[in-house]
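Input: a single structure, listed below in structure tokens.
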């Protein structure tokens, strides 16, 4: 009965959480209630999109450019139908302009599919009709992006397009001769450099199938299972609900591509529980926000950025997730130990046994839902492509769901999963198309090289100062952008400067990726923290600052793996890996003790500084730094141990 009561709390918070997601995440502001024929058309279109993606990823392989064009055509048509033009647009039906734009998007994409061979044969030379269609296509992509993603990314893309044309008036190193509208249209519309470039290609293959896999897992009861599993595992620990939030958010984050949606989905359940056991509202919201944001840096999916990173760097997908593994684990450990220390500091207990689900029962009834994840991971490790792994992982969800009646996927649930998968992929698809303007501008004008030169010149060639500037730039560029677009923009604009200074390419890309993602919990525009604050009823700014403190690992680790790529498992031995894990975990404990101002007992000012110093030394791989860090930490631990003994003795003496 107690567990049912907890789930009632979840149901009461769910509507509130959904409203907050719509407030902060524009991808969720779609029409949900439509007239009969419009609803059926939308559902049929989304199902057809998912089936098309499954078909072309296995049996019906297509020319890359044609598949990308179909993918975008499917996405744009339904975007114009279900995402209103503005606040005053009808929310319960399509409008005539919406339908006109949807048809126009089919025409601009369909023209490329029908005339693909002719365009290739004449070297993509622009005709008068294609000039008109290209301009219309560019405007349609920007408008579709605005509806789904908000103004930020389309305005940035528009600025880049203007730079292509007005480059002759740009200052200093940014100047170029400028390009005609015909040349811009050719580069952005007719050839796979702009709209239909590598970013959209990744969306049309790897990303879509993994989003679909997550949708099937969700429809089979996976999200509820993750919550129950985390509650059973961590609910009784000191400050249990906060640790439940970390486990549940981490699990959901591996298949969810949005920090905001992840915060709302698990936060509707975990934040009220955290407040119930005594956590302050702002801290409860911050724990959920920092945990949910961490899901974007956690392999295997990493908010879909892992696939794009592999494509950009020209390395295997396995290389990306191997490199990202230890930093992601350290990030979550940092949040976990911070929460634990706060619970010890404030004397917060876990939840009573009667309020928790039974772990054995959870595993017996829904534990089989872990099998599809195991299938995906096994196929990836065995060298299969991500497309192959995601396809068979999706089919395995359907198969294993029939092992228990509670999870069985009926035809209705399968259709619902196909709809959910396609709808969830719309934001990624249009983001990749809009970001194509940024990538296209960089390749057409050499802008990436110009920005790299300016960054390096501004920093005087100093790597540390360049890293600081890259961090600030990535945090600014990442404000309000979805994960995929966030990474593409930062990797195109900022990462080349780091590579030019000799930083390992994968370290440079992970560096900008981390700080772009951390914009979701870093004030002033920390949308995940705002969502957590809304659910908790707390101050948004205070929640954001606390979330930043909890996520401190993400602000330290990128510097560490740039200077010491061993953290990314680059040229490291087995004994080296063991040493890195032990010292890094100890180092994160010290840093958490410093930021939370508690280790064995409360810190004095000197201990706080020493813990931070020792922690940083241990996270940086190296025998001498490890020994120095352990020595400093050991001194603090001994000092606190004896101080606690003295305090306990005084209390005992007074009691006598």
Query raised in the report: With each label point set 7 Å from Cα along the Cα-Cβ vector, what nm distance links residue 378 and residue 499?
Result: 3.6 nm
Query raised in the report: If you rank 52, 283 by fewest surrounding Cβ atoms within 10 Å, what's the result?
Result: 52, 283
Query raised in the report: Of (i) 96, 63, 49; (ii) 84, 76, 51; (iii) 77, 54, 43, which one was derived for Cα extents along the principal axes in Å from the structure shown?
Result: (i)
Report summary line: FRET efficiency (residue 155, residue 183; Cβ distance; R0 22 Å; to 0.05) is 0.45
Requested in this report: State the Cα centre-to-centre distance between segment 67-96 and segment 476-546 in whole Å.
Outcome: 28 Å
**Report entry** segment 572-656, relative contact order in percent, only Cα pairs under 8 angstrom and at least six apart counted
**Finding:** 27 percent
Query raised in the report: Under the classification rounded if a/c is under 1.5, otherwise prolate if a/b is larger than b/c and oblate if not, where does segment 40-102 fall, given a ≥ b ≥ c as square roots of the Cα gyration tensor eigenvalues?
Result: prolate
**Report entry** Debye equation applied to the C-alpha atoms of segment 26-193, log10 I(q)/I(0) at 0.13, 0.20 Å⁻¹
**Finding:** -0.75, -1.34
Query raised in the report: Tell me, how many Å apart are the Cα centres for segment 199-245 and for segment 167-183?
Result: 46 Å
**Report entry** Extended-chain gain in nm, criterion 0.36 nm per residue less alpha-carbon gap, residue 574 and residue 236
**Finding:** 118.2 nm
Query - Peptide ranges 170-180, 149-159 listed from the most packed, as the mean C-beta count within 10 angstrom indicates - result: 149-159, 170-180
**Report entry** Cα→Cβ-extended label distance, 7 Å offset, between residue 628 and residue 107, nm
**Finding:** 6.9 nm
**Report entry** Estimated D of segment 572-656 in µm² per second, where Rh is the Kirkwood radius over Cα pairs and Stokes-Einstein applies at 4 °C, 1.567 mPa s
**Finding:** 96 µm²/s
Query raised in the report: For the residues 626, 228, what sequence is obtained by ranking on other C-beta atoms within 10 Å, fewest first?
Result: 626, 228
Report summary line: Asserting the computed 222 nm helical MRE of the chain (DSSP H runs at least 4 long, -39500 (n - 2.57) per run, divided by residue count, to nearest 500) equals -24000 deg cm²/dmol
**Report entry** Neighbour-count ranking [beta-carbon atoms within 10 angstrom, fewest first] of 384, 122
**Finding:** 122, 384
Requested in this report: Sticking with the crude label model, points 7 Å out along Cα→Cβ, report the distance from residue 129 to residue 93 in nm, one decimal please.
Outcome: 3.5 nm
Requested in this report: Give, in nm to one decimal, the length gained when the segment between residue 315 and residue 399 is fully stretched (0.36 nm per residue of separation minus the Cα-Cα distance).
Outcome: 27.0 nm
Requested in this report: Give the relative contact order (percent, whole number) for the chain; include only Cα pairs under 8 Å separated by 6+ residues.
Outcome: 17 percent
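For residue 345 and residue 648 in one chain, what is 0.36 nm times their gap in residues minus the Cα-Cα distance, to one decimal in nm?
107.5 nm
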Query raised in the report: Which residues does a label at residue 44 reach in segment 418-436, if reach means a backbone N under 17 Å from a point 7 Å past the Cα toward the Cβ?
Result: 419
**Report entry** Stokes-Einstein diffusion coefficient of segment 313-384, Kirkwood radius over Cα pairs, 20 °C, 1.002 mPa s, in µm²/s
**Finding:** 133 µm²/s
Requested in this report: For segment 108-126 and segment 375-439, write down the distance between their C-alpha centroids in whole Å.
Outcome: 31 Å
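Taken together, the values in this text are just the output of simple stated rules run on the coordinates, not laboratory data. Source: prediction; values computed, not measured. Please note: Cβ atoms are built from the backbone with ideal geometry, for glycine as well, and neighbour counts cover all protein chains shown.
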